[in-house]
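One structure is given here, and the rest of the page talks about it.
The values are calculated or read from the model by the stated rules, or taken from the named source; none is laboratory data. Keep in mind that this is a model prediction, so the values were computed, not measured. Using ideal geometry, Cβ is built from the backbone for each residue, glycine included, and neighbour counts are taken over all protein chains shown.
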Amino acid sequence: MSFVADLRVVLRGRDFRRLFSTRLVSQFSDGIFQFGVTGFAFFSPESQTTAFEVAAGLAVLLLPYSVLGPFVGVFIDRWSRRQILVVAPFIRGMLLLLAAGLVAADVPDPWFYAAALAVLGVNRFFLAALGASLPHVVPPERLISANAVVPTSGTVATFVGAGLGFLLREIFGGTDFGVALLLVTSGVVFTMSALVARTMDRQLLGPWPDPNRPQARQALRNVVTGLTDGAKHLVRHRVAAATMGAMATHRFLFGMCTALGIILYRNYFTDGDADAALRGVGLVVVAAGVGTALAVVITPYATERFGIERWVQIALVAAGVLTAALVLPFQEWGLPVAGFVLGLAGQSVKICADTTVQRDVEDIYRGRAFSIYDMLFNGMYVLAAALSAAILPANGKSYLAVVIISLGYPLAALAYRTITTRSRAEAV
């Protein structure tokens, strides 16, 4: 089915429409929030942006998803999910008001980052509750269609929210007070998602009572054991593990590209003009978003034509070759085009990884496999930013970084091909 056809199918359900609307409003608010944090961390007119600050900012945005991700399910399976969707936006709204107050009062940055981490921690619970609720509002025969449209639509809503954040910044200004107004706006919009969620019945989204469910403390201990078992299971399913590894490698290299691009725009292309730098990075983000959306359309046809394994290799090699060609001249025009290429290639690899894990991993291990997947998806990005902080010069113009990125992609493709070929040979 195409994306539009899948969307038409699942939108027929009233409860799905309500849950879907809750997600769209919340992720739209996320886009405003992430743009506000990004502008404050990397494009404040009053400060210079260093590679270390980029690494710290990306860690704030992503570490809650890496660290909390595997553990939130313990509580999502015990607390009313509908109530989480109603209460969490108000808690997040209060935290955003606190963060806005800290920014407006010009307190030291670590206090703001602590508040932002708390906001994102609450958001991790909210998104996990949304994901766990989906099977309660979609018939089993339509669940695949729902899984096909929900993540893509949420990503689009986040991009649209970031676009509104950009426009609001032009109105509010790039000062601390302007950032504070952005955070308040995000909090108000996110609170609206609670009003949508409140239209659903309190018992609709589960979880159902289970007398055999272990105590929360025991369940938390089981998470660590479960992740270990999931990793062992993945080792025995090498094609799924290799595809997940290809996705993780892309996230690492894409994280390096992100840090490189931010520093180049902030300190090399624009001579320290924060507003011009933000516009440049905004153009790269838009181009990457277009590439990501195009991958959703192209990948089903490409995998049918070439197969998943060959398409992953094509995407990785193309990403490396084109990144070298577009970025090594260190011309401003090359970065938006590179963003489009990496958005297309990266989303193609991610779709293939999602499909391979769902196809090859046994159902009893699938949840744990995706927990490992989420940790890699965000953790590798933060790790790349940390490496970038160590190797990038003050102006961002680093041939070493571009060479690492350009060679890393084809080397990942070679490793992926070696593992998958050997796995097929042993299976014969």
Could you tell me which numbered condition ARG310 fails, if it satisfies all but one of (1) on the phi < 0 side of the Ramachandran plot; (2) at pLDDT below 85? (2)
The stretch 195-207, residues that are surrounded by 21 or more Cβ atoms within 10 Å (Cβ to Cβ) and either within 22 Å of the chain's Cα centre (by Cα) or assigned to a helix (DSSP H, G or I) (or both): VAL196, ALA197
Return a yes/no flag: does the stretch 272-282 have any residue that is within 20 Å of the chain's Cα centre (by Cα), surrounded by fewer than 22 Cβ atoms within 10 Å (Cβ to Cβ) and small (Gly, Ala, Ser). yes
Of the residues in the stretch 276-317 that are touching a Phe, Trp or Tyr at 6+ places or on another chain (Cβ under 9 Å) and among the hydroxyl-bearing types (Ser, Thr, Tyr), the one that is nearest to ILE263 (Cα to Cα) is THR292
Only one of ALA129, ALA114, ALA99, ALA118 is farther than 22 Å from LEU204 by Cβ and surrounded by 22 or more Cβ atoms within 10 Å (Cβ to Cβ), namely ALA99
Determine, yes or no, whether PRO336 is more than 26 Å from THR155 (Cβ to Cβ) and either surrounded by fewer than 14 Cβ atoms within 10 Å (Cβ to Cβ) or in contact (Cβ under 8 Å) with a residue 24 or more places away in the chain (or both). no
Give me the pairs: first residue in the stretch 234-255 and farther than 25 Å from ALA425 by Cα, second residue among the β-branched types (Val, Ile, Thr), beta-carbon distance under 9 Å, and six or more apart or on different chains, which are they? HIS250/VAL349; LEU253/THR323; LEU253/ILE404; LEU253/ILE405; PHE254/ILE405; GLY255/VAL382
Long-range neighbours under 7 Å by Cβ, at least six apart or interchain, first residue modelled with pLDDT of 85 or more within the stretch 163-181, second among the hydroxyl-bearing types (Ser, Thr, Tyr): LEU168/THR185
What number goes with the only condition from (1) closer than 22 Å to GLY282 by Cβ; (2) modelled with pLDDT under 90 that GLY339 does not pass? (2)
Index of the failed condition, ASN222 passing every other in (1) modelled with pLDDT of 85 or more; (2) farther than 26 Å from SER26 by Cα: (1)
